[in-house]
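The structure appears right after this line, and notes come after that.
The values are calculated or read from the model by the stated rules, or taken from the named source; none is laboratory data. Note that the coordinates shown come from a computational prediction; the quantities given were computed from them, not determined experimentally. Here the Cβ positions follow ideal geometry from the backbone for every residue, glycine too, while neighbour counts run over all protein chains shown. Note: accessible area is taken over every heavy atom of the protein model, side chains too, but ligands, DNA and RNA are not part of it. Shrake-Rupley method; radii C 1.70, N 1.55, O 1.52, S 1.80 Å.
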Amino acid sequence: LPALFKQELQNTEAEEGATAILRCELTKPKAPVEWRKGDTTLYPGLKYEMKQQGSTAELFINDLELDDS
């Protein structure tokens, strides 16, 4: 069976220059997660950090800009 969301992403507010953290919880631990913004797949680097522990996946968006909304 595919992994489903136990807890979906919530809207997050943060100030420019800060770091936003988006978090979701899945029904299967360590299920593969692909983070996207529209049709664009996000990859780890200076701007984005991805962490996954058990069934919780997190996306850190560093140095926020208006275009990140």
Could you check how many residues of region 3-29 are modelled with pLDDT of 90 or more, under 15 Å from E65 (Cα atoms) and part of a loop (DSSP other than H, G, I, E, B)?
-> 6
Check region 52-66 and report whether any residue there is in contact with a Pro (Cβ under 7 Å, 6 or more places away or on another chain), at pLDDT below 95 and among the hydroxyl-bearing types (S, T, Y).
-> yes
Residue list for region 30-50, restricted to those being open to solvent by 90 Å² or more (accessible area, probe 1.4 Å) and closer than 24 Å to L1 by Cβ = K30, P32, E34, R36
Does L9 qualify as being of a type in the set (A, V, I, L, M, F, W, C) and open to solvent by 100 Å² or more (accessible area, probe 1.4 Å)?
-> no
Please verify whether region 33-53 includes one or more residues that are basic (K, R), closer than 15 Å to S69 by Cβ and not in a strand (DSSP E or B).
-> yes
Return yes or no: is T19 touching a Phe, Trp or Tyr at 6+ places or on another chain (Cβ under 7 Å) and loosely packed, with under 13 Cβ neighbours inside 10 Å?
-> yes
Pairs only if they're at least six apart or on different chains, beta carbon under 7 angstrom, first in region 48-67 and touching a residue at least 40 places away in the same chain (Cβ under 8 Å) and more than 18 Å from G17 (Cβ to Cβ), second open to solvent by less than 40 Å² (accessible area, probe 1.4 Å) and not charged (D, E, K, R); list them, first residue then second.
-> S55/L26
Give me a count of the residues in region 51-69 that are surrounded by fewer than 14 Cβ atoms within 10 Å (Cβ to Cβ), at negative phi and of a type outside the set (D, E, K, R).
-> 3
